[in-house]
Amino acid sequence: MGFVLASMGSAVGLGNVWRFPYIAGQYGGAAFILLYIACVLAVGVPLLLAEFLIGRKTQRNPVGAFRTLRPGSPWVFTGWLGVSAGFVILSYYGVVAGWVLHYVYLSASNAFVGTSPEQITDLFTRLSSNRWLQICWLMIFMLLTIGVVSRGISRGIEAGNKIMMPLLFALLLGLLFYALQTPGAISGVDFLLRPEWEKLGRIAVLEALGQALFSLSLGMGAMITYGSYLSRDTSLVRCSFFVAIGDTSVAILAGFVVFPIVFSFGLEPSAGPGLIFQTLPIAFAQLPGGYWVALAFFVLLSFAALTSAISLLEVACAYFIDEQRWSRQRSSWTLGSAIFLLGVPSALGGEFLGFMDSLATNYLLPIGALLIAVFTGWGLGRDERRAEFTHADAAGFRFTGWAFLIRFVTPVALVLIFLHQLRVF
Ligand code: PHE
């Protein structure tokens, strides 16, 4: 259970609460969510297991893992790709996490209670057009992340997450009750449950895949790093299911909180990256005890973002510590500062944040995912794979079922999604 919660710390973050609702909103709701769930099942769960397997087998960072398993082969490129993806993602993840910190500040200074929906929407517009403010918050968030990683206390922080994550979930559940009582709740629920397939664009499938990989921290080796914490006798199958179910429930729950509010207050479901910042505070403004609810919500979300950011920075640091013999201090400060600089253009308020996000989720993660799936399914031998399965899992359908998925279903699904994107069909 400890391990599952730790990997959940990496998985549950802004991807679930910030990104999932706004992407689902842009791609029309229910139909997108069904595609998303299909991606989690066909690609997410098998790949989660594959990354845990590689991590536990090698006890290494992603670059070192491929180097250990197939020395001198080009597979090591997969590890490099992962390290680069971590850089790209954390640079803009830090900007969004900075927005969350700003909302902690706004909640603490009682900016929502008694404020009209228009004024609340405006608060976000003002933040996203203030470069210096965003750069400052990005810097604070990066300092927090570097502080944790440089002290090597990530696992201590993950322990804190054991309390924070259930609290975040409970708070979201509470908000769900409120959201379902707002006047537009029916339209919100309808939006999330009644698929309108004709509205899905070509890119929606790739977006659903990218979102599934992003949300489960897959395709870049974060879960390889976490797999190395896993004890030998733990069932990889169960862990993968727990993490996938936990992560997906938080995302869907967030959707069910956000959309009733969106429809009740006449907001745009496709408002984009500001969606949760413009909707949830409206609810907080109306709720009894809204001051505390807002504060608790944004503090918990900052924490969830921090535990995901730690895993992003840790991937790159682990490489420099293990392979280049850098000290933990040196690698976390050097890499963290480089990532901060890379994040500055995303904090300037233009198109750059969206560009980096699309680079990571539409390209780097899916390509990384394809390589990891092909490596585990075809690069490793059957016995190498089976050796990581516990006794009960190795014997039966669990092993053969997973092996079938990771060899055929996952890579084929990934390639088809790419071909679809390239308009081959
Ligand atoms: N899964 C994290 C989230 O949902 C983001 C993340 C992506 C973390 C990739 C690590 C690796 O917020």
| Spin-label pair residue 132/residue 390, simplified geometry with 7 Å Cα→Cβ offset, distance in nm | 5.6
| query | Taking all pairs of different Cα atoms in region 306-354, averaging 1/r and flipping that mean, what Kirkwood radius in angstroms comes out? | reply | 11.7
| request: Provide the net charge surrounding residue 335, with neighbours chosen by a C-beta distance below 14 Å and charges set as Lys +1, Arg +1, Asp -1, Glu -1. | output: -1
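At 1.4 Å probe size, put 391, 102, 420 in order of accessible surface, largest to smallest. Each step should come with its number before you reach the end.
Working: 391 170, 102 20, 420 40 Å².
From most exposed to least exposed: 391, 420, 102.
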| query | Based solely on its DSSP helices, what 222 nm [θ] is calculated for the chain when runs of n ≥ 4 H residues each add -39,500 (n - 2.57) and the sum is averaged over all residues, nearest 500 deg cm²/dmol? | reply | -23500 deg cm²/dmol
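What does the accessible area per residue of region 219-376 come to in Å², with a 1.4 Å probe and no ligands, DNA or RNA counted?
Numbers: 5230 Å² over 158 residues.
For region 219-376, the per-residue accessible area is 33 Å².
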| said: Restricting the calculation to Cα positions, tell me the Rg (one decimal) and the Dmax (whole number) of region 1-138 in Å. | reply: 19.8, 64
| Just how much of residue 182 is accessible, in Å², when a 1.4 Å probe is used and the result is rounded to the nearest 10? | 10
| field | Two-site FRET efficiency, residue 397 against residue 187, from Cβ-Cβ distance with R₀ of 30 Å, rounded to 0.05 | value | 0.10
| field | region 1-36 versus region 299-350: alpha-carbon centroid distance in Å | value | 21
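Taking all protein chains together and a probe of 1.4 Å, list 162, 199 from the most accessible to the least accessible.
Details: 162 95, 199 130 Å².
So, going from the largest accessible area down, we get 199, 162.
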| task | For region 133-280, state what percent of all Cα-Cα pairs lands in each successive 10 Å bin, counting from 0 Å until the bin that includes the largest distance. | result | 9, 26, 35, 23, 7, 0
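Any idea what the alpha-carbon Rg over 2.2 N^0.38 Å comes to for region 164-227?
Output field value: 1.57.
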| note | Counting only backbone N atoms under 19 Å from a point 7 Å out along Cα-to-Cβ of residue 329, the residues of region 148-171 in range are 148-154
| task | State to the nearest 20 debye the size of the charge dipole of region 318-385 about its Cα centre, where the only charges are +1 on K and R beta carbons and -1 on D and E beta carbons. | result | 220
| said: For a quick check of understanding: with a 1.4 angstrom probe and all protein chains in place, what accessible area in square angstrom does residue 344 have, to the nearest ten? | reply: 40
| message | Given the options 332, 354, 367, identify the residue whose Cα lies farthest towards the positive end of the charge dipole of region 307-372 (+1 on Cβ of Lys, Arg; -1 on Cβ of Asp, Glu). | response | 332
| query | Any idea what the dipole of the chain comes to, in debye rounded to 20, about its Cα centre with Lys/Arg Cβ at +1 and Asp/Glu Cβ at -1? | reply | 1060
| For region 318-425, which trypsin sites (Lys or Arg not before Pro) are both in a DSSP coil and crowded by at most 11 other Cβ atoms within 10 Å? | 325, 423
| remark: Dipole check, the chain, charges on Cβ (K,R +1; D,E -1), about Cα centroid: among 308, 15, 154 the Cα furthest to the positive pole belongs to 154
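Restricting to Cα atoms and excluding each atom paired with itself, what does the Kirkwood estimate give for the chain in Å?
21.6
Can you pull the Rg over Rh of region 217-285, Cα-only, Kirkwood?
Values: Rg = 17.6 Å, Rh = 14.8 Å.
Taking Rh as the inverse mean 1/r over Cα pairs, Rg/Rh reads 1.19.
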| remark: Magnitude of the Cβ-charge dipole (Lys and Arg +1, Asp and Glu -1) of region 173-280 about the Cα centre, nearest 20 debye, reported as 200
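I'd like to check one number: the per residue accessible area of region 134-188, probe 1.4 Å, reported in Å² as a whole number.
Details: 2650 Å² over 55 residues.
Accessible area per residue, region 134-188: 48 Å².
The values are calculated or read from the model by the stated rules, or taken from the named source; none is laboratory data. Because the structure is predicted, anything quoted here is derived from the model rather than measured. Because the Cβ atoms are built from the backbone with ideal geometry, glycine has one as well, and the counts that use them run over all protein chains shown. Ligands, DNA and RNA are excluded from the accessible area calculation, which covers all protein heavy atoms including side chains. Shrake-Rupley method; radii C 1.70, N 1.55, O 1.52, S 1.80 Å.
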